[in-house]
1. Grab the helices (runs of 4 or more DSSP H) fully contained in segment 201-290, keeping just those with 2 or more residues being farther than 30 Å from Asp130 by Cα.
2. Return the residues of segment 52-90 that are part of a strand (DSSP E or B) and more than 26 Å from Arg274 (Cα to Cα); say none if nothing qualifies.
3. For Thr215, indicate whether it is more than 20 Å from the chain's Cα centre (by Cα) and among the polar types (S, T, N, Q).
4. Kindly list the number of the only condition in (1) touching a residue at least 40 places away in the same chain (Cβ under 8 Å); (2) of a type in the set (A, V, I, L, M, F, W, C); (3) closer than 26 Å to Tyr50 by Cβ that fails for Trp123.
5. Within segment 195-212, restricting attention to residues that are under 21 Å from the mean Cα position of the chain (by Cα) and not β-branched (Val, Ile, Thr), which residue is farthest from ligand 2 (Cβ to nearest atom)?
6. Anything in segment 1-51 that is in a helix (DSSP H, G or I) and within 16 Å of Ile160 (Cβ to Cβ)? List them, or say none.
7. Right, Asp73: surrounded by fewer than 22 Cβ atoms within 10 Å (Cβ to Cβ), more than 15 Å from Ile198 (Cα to Cα) and within 16 Å of ligand 4 (Cβ to nearest atom) or not?
Amino acid sequence: EKLGLNEIRKMFRDFYVSKDHYPGKSASLIPKNDKSLLIINSGMAPLKNYFSGAEVPPAKRMTTCQKCIRTGDIDNVGLTSRHGTFFEMLGNFSFGDYFKEKSLTWGWEFLTEYLKMPADKIWATIYLDDDEAYRIWHDVIGLPDDRIVRLGKEDNFWEIGLGPCGPDSEIFFDRGPEYGCGKPDCRPGCECDRYIEIWNHVFTQFSKEEDGSYTDLAHPNIDTGMGLERMACVMQDVDSIFDVDTIRYILNGVVDLCGKEYEAGDAKADVSMRIITDHMRSMVFMISDGIIPSNEGRGYVLRRLIRRAARHGRILGIEGNFLQGLADRVIEVSKEAYPELLEKQDYIKKIISLEECKFATTLDQGCSIITECIDDMKKENKTVLSGDKAFKLYDTYGFPLELTEEILEENNMTADVEGFDENMKQQKETARAGRKSTDEEAWKDADIVVDVPETEFTGYNDLVDQCKVLK
Ligand code: ATP
Ligand code: MG
Ligand code: MG
Ligand code: MG
């Protein structure tokens, strides 16, 4: 029997609890007291204060499964086998307690003994001159020399600005030549799908100083991150994270809705199905953590994801509002680990359907306008849509710039982003003069809505009903 994604999450926790780690809960996707980050994107992000010493951790060893969003990966989603905008990161952490040897040997034990992953398929990358990591991999664990790859700073050194930083060691699984690019130098770090990066062990042992030098930290830390979906992909021996049990269940919902088969020869349709599946997971988790669609910050990220998913639904020929129905599937497979999803199910679906509805009323108009623009541009031999027009699509028809760009790109065209930004700036200045609202105040509103999830949202009900009438 293949291990389910939900089982792997539990096994990771049990394993590290057996090694005296305190099992922490996933933090919210909204960072707390951290202006440097819009949305939580790694297991260590919400634990930063424990690493810096600003706060005392509940224990010196901790393990979590953290919900993460990486919108920076959005262009990979649906195209690679291993990227989602949403994913869960499993991690073990040491706040000045154990260091490299325990982190790597326990990691190895978890993979090869607990999960019974074939040892001969595992590779490790280390930082160029991290001889200690080499010694542990080679002498202690027994990984052969030709499966230990030394890479440079871009690949195997973790640092952001000044302060704690250090080398890392990444663990890859070889899925076999059938997934590879075939190049003779194909090995971990290659962009193709053969070697899948599953786990990163970061050894925070230095502090980067103002003058660019590195000093040793008195108490080095361990911060690791393993992609749960990728582990499940490897353990279930499937092609991509979208074929993992829980995620495939969501994708099957998309398949049912559009009446097309998955992976039946239409590569473009497959991409759309995967994009919808991924964005569904992101939107459900973001809303459950209190983000609502808006034109700024996190709310805008959410709006983009919802609208992009809705548009890919159109591409697949799905009619009407369909996202909230798929939300049920996301909640179904994740509710055990994240009970808040079930508690807020109705609320989540209302927010999604309201946004989808808002978008639907303008999508058709917007689409015909952009099609007209594209036709005109073709006639005039132009390839750049003016900033004014891109802004009008955004402002009047609710087309996020990225969506406009995506549609243009499908026609080998681009948008004048600078011109768009100029329009945006002007509009913001006008608006600010009018209502003196800042980003922060807009977010306060979002918090107010979410602090009272038990309230009957009759307002939304009305709107959603209105929307049905419109359809
Ligand atoms: P990649 O090189 O594949 O983009 P990464 O080096 O950016 O991954 P890390 O920042 O090291 O990833 O994050 C730790 C782990 O989280 C990775 O080893 C991987 O298993 C997982 N992970 C990272 N990004 C994603 C994503 N977009 N979707 C799913 N899992 C991810
Ligand atoms: Mg990445
Ligand atoms: Mg990487
Ligand atoms: Mg990495």
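1. Qualifying helices (runs of 4 or more DSSP H): 245-258, 267-288.
2. Within segment 52-90, Arg61, Met62, Thr63, Thr64 qualify.
3. yes
4. (3)
5. Looking at residues that are under 21 Å from the mean Cα position of the chain (by Cα) and not β-branched (Val, Ile, Thr), I get His201.
6. Ala45, Pro46, Leu47, Lys48, Asn49, Phe51
7. yes
For every residue, the table says whether it meets (1) in contact (Cβ under 8 Å) with a residue 60 or more places away in the chain; (2) in contact with a Lys or Arg (Cβ under 9 Å, 6 or more places away or on another chain); (3) at negative phi.
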site	(1), (2), (3)
Thr63	no, yes, yes
Cys68	no, no, yes
Leu79	yes, yes, yes
Met89	yes, yes, yes
Asn92	yes, yes, yes
Phe99	yes, no, yes
Leu104	yes, no, yes
Leu115	yes, no, yes
Ala119	no, no, yes
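The values are calculated or read from the model by the stated rules, or taken from the named source; none is laboratory data. Note that the coordinates shown come from a computational prediction; the quantities given were computed from them, not determined experimentally. Here Cβ is always computed from backbone atoms with ideal geometry, including for glycine, and neighbour counts include all displayed protein chains.
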